[in-house]
Amino acid sequence: MHETPALDVRALLEAVENASPAAAVTTAAQHLEDAVGARQVAFWIADAAGQALLRIPDGERLEVEKSPAGTAWREQRVEWDGSWWVPVTVRGDAQGVLEIRFHTDPPTADISDGVLEHLQTVAHLLGYVLVASQRHTDEYETGRRSTSFELAMEIQRRLLPQAFVCEGGSFTLAGWLEPSSSAGGDTFDYIASRDRLTVSLIDAVGHHVNAALLATLTVNAMRKARRDDGDLRSQAHAADAALMRHARPEEYATGVILELPLGDEPAGAGSGSETLLVRVVNAGHPPIRLVRDGTVTTVDIAPDPPFGLDLGRAEKGFTCHPLELRAGDRLVLLTDGMYEQSAATFDLDDHIARTSDLHPRNAAQDIALAFREHVDGQPEDDATFVILDWHGGTTSRDTAGGSDLT
């Protein structure tokens, strides 16, 4: 049985800082070989489709399905098949797995709890090295790609948050964008500030580069308003004004913006209550789905006109609607690409219901895979969704190695 090794965090960080950003993760892996007494340490990054793990830097591929490495990544637990596979995760964003082989591996998965916890800590630390390093290099973004992106998709991808998953204490969130070949102007965004979580989903009209540029204009107008401390109505107005000023008369974008209060006590609730009032602005967008106790319902919110189409809205502005959540509720925000054109017969609500007991990250992966299979990998429009769970209270995380265990 392996003894618990010692890790010199300062030496590791110095080695990483002294390396090129593109070599930071492999440098960390080499440093860890000595630190944990291993004969080999390698990092495998999850591809953009969530179907494979690709080894950095040579690109060797492992399919997620039915592989110990894939199980470690998806289920967020350590697996062994002669190599130790340890998930590399930060705040629920499952970035890949660390492969570790010791000099004297036993014929069975015989390892002490201390060594196991140490390997999880090492992998968690590597996740932060990756997060910091990818700001300075394309090495890891390129490593995630099994195929090349079209220009429009490259533009749209830059609008997406750096992490598709976030575990934030009282909430867990996961987003997904399944692009069409012609890029349909979809994007999602979220930001967790000190007192609120803001989530948005945008679908710009049209296809190709022009749709991507409209989405860019819409999202960045909203981000500017948010960073200027604007509320939901201010953010919606900023998006509307930007399109009215800079887009052609026939160009517009639909969107939904949601704000979930964060703080010591659930907002809008009495003492000891497990309810929360969320605020929603809907600009001509498809309805939100609410999952409560495994049952899927459509949230009935009267939409305002889309961004960029005034239609007499100037006098009253956008309407901010209240939506009450209970602890354990799940919201699913989506674009019309999930059920229109080639996806018209895709039973979206059934897939939402069947994945309702999964972590949002895994639910998103399963829904996306089922959707791709339904449209034979060729959606006619972008299909995008965000899954948001509210757990109640201020926190319910039980974490190890960067991911919620519950």
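Side notes on the structure shown:
- The amide H of residue 144, built 1.01 Å from its N in the peptide plane, has no neighbour under 5 Å, considering only residues 5 or more places off or on other chains.
- Surface composition of region 18-90: carbon plus sulfur atoms contribute 45% of the solvent-accessible area (1.4 Å probe, protein chains only, all chains present).
- Neighbour count of at most 11 Cβ within 10 Å plus DSSP loop: longest trypsin sites (Lys or Arg not before Pro)-free window in the chain: 195-315
- Dividing the mean sequence gap of close Cα pairs (under 8 Å, 6+ apart) by how many residues region 24-103 holds gives a relative contact order of 28 percent.
- GluC sites (Glu not before Pro) within region 12-93, DSSP loop, no more than 13 other Cβ atoms inside 10 Å: 60, 65
- For residue 352, the shell of other residues with beta-carbons less than 14 Å away shows a net charge of -4, using +1 for Lys and Arg and -1 for Asp and Glu.
- Net charge of Cβ neighbours under 13 Å - reference residue 214; Lys, Arg +1; Asp, Glu -1: -4
- Taking every Cα-Cα distance in the chain and sorting them into 20 Å bins starting at zero, the pair-distance distribution P(r) comes out as 26, 55, 18, 1 percent.
- Seen against the Cα atoms of the chain and their longest principal axis, helix 360-374 is set at about 70 degrees.
- Note, ³J(HN,Hα) from phi for region 274-290, Karplus 6.51, -1.76, 1.60, rounded to Hz, x at Gly and Pro: 10, 10, 8, 9, 9, 10, 9, 10, 10, 10, x, 9, x, x, 6, 9, 10
- 222 nm mean residue ellipticity, helices alone, for the chain (DSSP H n ≥ 4; -39,500 (n - 2.57); rounded to 500): -9500 deg cm²/dmol
- Whole-Hz ³J(HN,Hα) from phi, Karplus 6.51 cos²θ - 1.76 cosθ + 1.60, for region 178-185, glycine and proline x: 9, x, 7, 5, 9, 6, x, x
- For the chain, accessible area per residue (1.4 Å probe, heavy atoms of protein chains only), Å²: 44 Å²
- Phi-derived couplings, Karplus 6.51 cos²θ - 1.76 cosθ + 1.60 at θ = phi - 60°, listed residue by residue for region 155-163: 5, 4, 5, 5, 7, 6, x, 5, 10 Hz, with x used for Gly and Pro.
- Loop-located chymotrypsin sites (Phe, Trp or Tyr not before Pro) in region 139-233 (DSSP state not H, G, I, E or B) with no more than 15 neighbouring Cβ atoms inside 10 Å: 149.
- Theoretical FRET efficiency, 1/(1+(r/R0)^6), r = Cβ-Cβ of residue 39 and residue 8, R0 25 Å, to 0.05: 0.85
- Length gained on full extension, residue 274 to residue 150: 40.1 nm, using 0.36 nm per residue less the C-alpha separation.
The values are calculated or read from the model by the stated rules, or taken from the named source; none is laboratory data. These numbers come from a predicted model, not from an experiment. Neighbour counts are summed over all protein chains in view; Cβ atoms, including those assigned to glycine, are modelled from backbone coordinates with ideal geometry. All accessible areas refer to the heavy atoms of the entire protein, side chains included, with ligands and DNA or RNA removed. Shrake-Rupley method; radii C 1.70, N 1.55, O 1.52, S 1.80 Å.
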